[in-house]
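One structure is given here, and the rest of the page talks about it.
The values are calculated or read from the model by the stated rules, or taken from the named source; none is laboratory data. All values derive from a computational prediction rather than experimental measurement. Cβ sites come from the backbone with ideal geometry, for glycine too, and all protein chains shown count toward neighbours. Calculation scope for accessible area: heavy atoms of the full protein, side chains included, ligands and nucleic acids excluded. Shrake-Rupley method; radii C 1.70, N 1.55, O 1.52, S 1.80 Å.
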Number of protein chains: 2
Amino acid sequence: MENWELIIIGAGAAGLAAGIYGARSGLKTLILDEKMAGGAASDAPVVENYPGFPQISGGELTQKMVLHCKKAGATIHEIETVTALDFTGERKIVKTNRAEYETIAVIIATGSHYREIGVKGEQEFRGRGVSYCGICDGPFFKGKRVLVIGGGNSAATTTLYLSGIAAEVVVTHRRDAFRAEDALVKDIASKKNVQVFWNTEVKEIKGEKLVNKVVLYHNKAGETKEIAVDAVFVQIGEAPNSQIAREADLEVDEHGYIKTDVFQRTSVAGVYAAGDVSSHPVKQVGTAVGQGITAALEAYSYIRRPYYRT
Amino acid sequence: MENWELIIIGAGAAGLAAGIYGARSGLKTLILDEKMAGGAASDAPVVENYPGFPQISGGELTQKMVLHCKKAGATIHEIETVTALDFTGERKIVKTNRAEYETIAVIIATGSHYREIGVKGEQEFRGRGVSYCGICDGPFFKGKRVLVIGGGNSAATTTLYLSGIAAEVVVTHRRDAFRAEDALVKDIASKKNVQVFWNTEVKEIKGEKLVNKVVLYHNKAGETKEIAVDAVFVQIGEAPNSQIAREADLEVDEHGYIKTDVFQRTSVAGVYAAGDVSSHPVKQVGTAVGQGITAALEAYSYIRRPYYRT
């Protein structure tokens, strides 16, 4: 069984920041990710609010962090899935689909996944017109008419991105105002090929081989209508990837996010959580980075017990 | 009296991150700094641990943040000193040496200042060989012998920076090991012109017009000796710039840092603190950024009371 001092689960912004600090502090640091390194931010068409980069694609930003983390000396294993955690002994056990590791401390930075709208047709047409990632699937719909569901920053940036590719973008939001940043809302208002349907919910996604229409419900007027669209981009928020943490008996809040204190400590000594999976109220690249740093420095104190933290 | 929605005091990493988010959220945002914008990080010879920039000078990094913040739409007033805060009314009053402002919310991001060693000669030779900033004053000592006091990351990066300028760098640390990151400690070990005196305290700084020697005390052997140096760089940590906050009756902890919760809220509604002046246990550029973002989004909720935060 391989031995490490610090294992970080998840190579998104939080995990990579933790990796930079863990490795620079001299800890033997391994980062595991079930996908490619980069995390949720790598799907963002554009990031304009990570301080230091006025405008950068999410993919480019997270690749800079990946290179930074490797340069700092952390080892990153991609496409390796953690299947179980055992925190009952003095040393922690991390089992994956490829190996079993022993470590002193663990940082859980597994992020969140896209929330589904839960309507008829959503599962059936997944990958055939139903998507949760504009930058991944948008280019398939050049010159087409696409729908974006949601009203937050993710929905807004996806809308702006798709407006440059699709012929027409329809946005449906169940409320009568966006919760996205003003700067994004203004950009949307300036796009001639974007139309917003307020107080509108998608009730069904229809098609044959591929999506070709949606059923819309106006929740003030109480009216239903069908419109033709070639794709549906669902952008209504996230839910935490905390299942393996819950199975290892870490405390979570009422929405399933891992409970953390100001040091990013969880309910188990030597185990930390950072980024979107943690209970911190703000979910941004810049806050994930701050939490990853805090978790790594706290893990360092736990592992090395240096003189200045007695 | 000028009206603003959000006034941020301090244009360091925390204040600039808050400014980016405040302005992008559509708030009329003013940032005040008694010096030039950039904050403490702009004095760092090199920053290797802000995720996304494997190696960048502190000045360059903070200038990127300043430009980012201006592009986002925040107004920055440099060389304007806040002299008093009045948080007793519904709207907050911020008085400076130039004007008086009314605002709905305030974020205090005033950072910290260099701690002094408190020995004879320190005040007398300040600016004449005694310095608290390697990048500011190091170039004056090309080819000379300089002393660095301290054992943390600031002392280590200053030592490395000075080793490329001075003929010889002596480091004194009152402990027998550095608390700096391993990566920095290894770099120091590889420098032929750096000598470290462990368990050693500087008891006096001497000179004529300029510094020319220091009195060292070995705290294990109990012995005292004098060595010749041309400059003394004090790098023993920081204390919070919280005086105006304390005068406005904000709660501070036992070291004077402004008490904040997970939303960066202080003891007064509508007033937030972020970065080195806040009670958060970690003081890094990346954590200051995360706190600034959190404070700005919380201030936004306080000011606009949007539908999703009722």
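Side notes on the structure shown:
- Of residues in the range A:289-310 being aromatic (Phe, Trp, Tyr) and at the interface with chain B (Cβ under 10 Å from one of its Cβ atoms), the one least open to solvent (accessible area, probe 1.4 Å): A:300
- Selection of the range A:191-242 for residues being under 30 Å from residue A:39 (Cβ atoms) and among the polar types (S, T, N, Q) yields A:235, A:241, A:242.
- The range A:233-247: number of residues that are assigned to a loop (DSSP other than H, G, I, E, B), small (Gly, Ala, Ser) and buried (at least 21 other Cβ atoms within 10 Å of the Cβ): 1
- Residues in the range A:221-263 that are closer than 26 Å to residue A:148 by Cβ and without any contact (Cβ under 8 Å) to a residue 40 or more places away in the chain: A:221, A:222, A:223, A:224, A:225, A:226, A:255, A:256, A:257.
- For the range A:107-161, filtered to residues that are among the basic types (Lys, Arg) and in contact with a strand residue (DSSP E or B) (Cβ under 6 Å, 6 or more places away or on another chain), the residue that is nearest to residue A:289 (Cα to Cα) is A:115.
Residues checked against (1) at pLDDT below 95; (2) touching a Gly at 6+ places or on another chain (Cβ under 9 Å):
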{"residue": "B:7", "(1), (2)": "no, no"}
{"residue": "B:40", "(1), (2)": "yes, yes"}
{"residue": "B:45", "(1), (2)": "yes, yes"}
{"residue": "B:51", "(1), (2)": "no, yes"}
{"residue": "B:61", "(1), (2)": "no, yes"}
{"residue": "B:65", "(1), (2)": "no, yes"}
{"residue": "B:84", "(1), (2)": "no, no"}
{"residue": "B:92", "(1), (2)": "no, yes"}
{"residue": "B:105", "(1), (2)": "no, yes"}
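- Residues satisfying the stated conditions in the range A:260-288, i.e. within 14 Å of chain B (Cβ to nearest Cβ), more than 23 Å from residue B:296 (Cα to Cα) and surrounded by fewer than 20 Cβ atoms within 10 Å (Cβ to Cβ): A:265
- The residue list A:199, A:219, A:212, A:193 contains one member that is of a type in the set (S, T, N, Q), touching a strand residue (DSSP E or B) at 6+ places or on another chain (Cβ under 8 Å) and either in the same structural domain as residue A:282 (by TED's automatic domain parsing) or on the phi > 0 side of the Ramachandran plot (or both), which is A:199.
- Taking the range A:53-92 as the range and being in contact with a Phe, Trp or Tyr (Cβ under 8 Å, 6 or more places away or on another chain) and free of Cβ contacts under 8 Å to residues at least 24 places away in the same chain as the test, the residues that pass are A:56, A:64.
- Among the residues making up the range A:220-238, those that are within 22 Å of the chain's Cα centre (by Cα) and aliphatic (A, V, I, L, M) are A:231, A:232, A:234, A:236.
- If you go through the range A:264-287 and keep only what is touching a residue at least 24 places away in the same chain (Cβ under 8 Å), among the aliphatic types (A, V, I, L, M) and in contact with a Ser or Thr (Cβ under 6 Å, 6 or more places away or on another chain), you end up with A:273, A:277.
- Some residue of the range A:137-149 being crowded, with 17+ Cβ neighbours inside 10 Å, part of a loop (DSSP other than H, G, I, E, B), at positive phi and not assigned by TED's automatic domain parsing to the domain that holds residue A:55: no
- You will find that of B:50, B:101, the residue that is aromatic (Phe, Trp, Tyr), more than 14 Å from chain A (Cβ to nearest Cβ) and either within 14 Å of residue B:10 (Cα to Cα) or touching a residue at least 40 places away in the same chain (Cβ under 8 Å) (or both) is B:101 and no other.
- If you filter the range B:34-44 down to residues that are open to solvent by 20 Å² or more (accessible area, probe 1.4 Å) and assigned to a loop (DSSP other than H, G, I, E, B), you find that the one that is farthest from residue B:94 (Cα to Cα) is B:44.
- Residues of the range A:164-218 satisfying the condition of being in a loop (DSSP other than H, G, I, E, B), touching a residue at least 60 places away in the same chain (Cβ under 8 Å) and over 14 Å from residue A:145 (Cβ atoms): A:181, A:209
- From the options B:90, B:60, residue that is open to solvent by 10 Å² or more (accessible area, probe 1.4 Å), within 14 Å of chain A (Cβ to nearest Cβ), acidic (Asp, Glu) and not in a strand (DSSP E or B): B:60
Yes/no matrix, rows are residues, columns are (1) open to solvent by 10 Å² or more (accessible area, probe 1.4 Å); (2) within 13 Å of chain B (Cβ to nearest Cβ); (3) touching a Ser or Thr at 6+ places or on another chain (Cβ under 9 Å):
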| residue | (1), (2), (3) |
| --- | --- |
| A:16 | no, yes, yes |
| A:25 | no, yes, no |
| A:71 | yes, yes, no |
| A:79 | yes, no, no |
| A:82 | yes, no, yes |
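- Some residue of the range A:134-145 being away from chain B (no Cβ under 14 Å), closer than 18 Å to residue A:48 by Cα and touching a residue at least 40 places away in the same chain (Cβ under 8 Å): yes
- Boolean, residue B:263 is touching a strand residue (DSSP E or B) at 6+ places or on another chain (Cβ under 6 Å) and among the aromatic types (Phe, Trp, Tyr): no
- Under the condition of being of a type outside the set (A, V, I, L, M), more than 9 Å from residue A:235 (Cβ to Cβ) and buried (at least 19 other Cβ atoms within 10 Å of the Cβ), the residues counted in the range A:154-176 number 4.
- Residue that is farthest from residue B:3 (Cα to Cα), among those in the range B:97-108 that are buried (at least 17 other Cβ atoms within 10 Å of the Cβ) and within 24 Å of the chain's Cα centre (by Cα): B:108
- Any pair with Cβ under 8 angstrom, 6 or more apart, that starts in the range B:288-303 at a residue that is assigned by TED's automatic domain parsing to the domain that holds residue B:90 and over 21 Å from residue B:90 (Cβ atoms) and ends at one that is open to solvent by 10 Å² or more (accessible area, probe 1.4 Å) and among the acidic types (Asp, Glu): B:288/B:276
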